[in-house]
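What follows is a short report on a single structure.
The values are calculated or read from the model by the stated rules, or taken from the named source; none is laboratory data. The structure presented is a predicted model; accordingly, all values stated were derived computationally and were not measured. Cβ placement follows ideal geometry from the backbone for every residue including glycine, while neighbour counts extend to all protein chains displayed. What goes into the accessible areas is simple: the full protein's heavy atoms, side chains included, and nothing from ligands, DNA or RNA. Shrake-Rupley method; radii C 1.70, N 1.55, O 1.52, S 1.80 Å.
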Amino acid sequence: MICKACGKEITRENMYESKQAGMEGHYHWKCFIALCKQNNKVGAQRIEGMAVSSGLYGDIVSGNIETEPLEGD
């Protein structure tokens, strides 16, 4: 079998079969982990970009968070 990430031959000993949506197929375990990390980083950047463009991120950064005093303050 051929690894979907690197295109090299996979032996039975180092094969991983992914059934994860969008990543189905056979991989070397290390290639699968590297691809997951890359995809998670891209996804996190997209989420952050949407939050910034919607104005949600600006409210958090500016400190406009209402808090109640703690008991004993």
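Do you know which residues across the stretch 16-54 are farther than 25 Å from M1 by Cβ and either among the basic types (K, R) or part of a strand (DSSP E or B) (or both)?
Scanning the stretch 16-54 gives K41, R46.
Any residue in the stretch 28-49 that's within 17 Å of S18 (Cβ to Cβ): show its pairings with residues that are in a helix (DSSP H, G or I) and open to solvent by less than 90 Å² (accessible area, probe 1.4 Å) at Cβ separation under 9 Å, as long as the two are six or more apart or on different chains.
As it stands, the answer is H28/N14; W29/N14; K30/N14, since those pairs meet every condition given.
Would you check if there is a residue in the stretch 32-41 being modelled with pLDDT of 85 or more, of a type in the set (D, E, K, R) and open to solvent by 90 Å² or more (accessible area, probe 1.4 Å)?
Within the stretch 32-41, one or more residues are modelled with pLDDT of 85 or more, of a type in the set (D, E, K, R) and open to solvent by 90 Å² or more (accessible area, probe 1.4 Å).
Kindly provide the set of residues from the stretch 11-31 that are on the phi > 0 side of the Ramachandran plot and exposed (fewer than 14 other Cβ atoms within 10 Å of the Cβ), ordered by number.
If the condition is that a residue be on the phi > 0 side of the Ramachandran plot and exposed (fewer than 14 other Cβ atoms within 10 Å of the Cβ), then G22 is the only one that fits.
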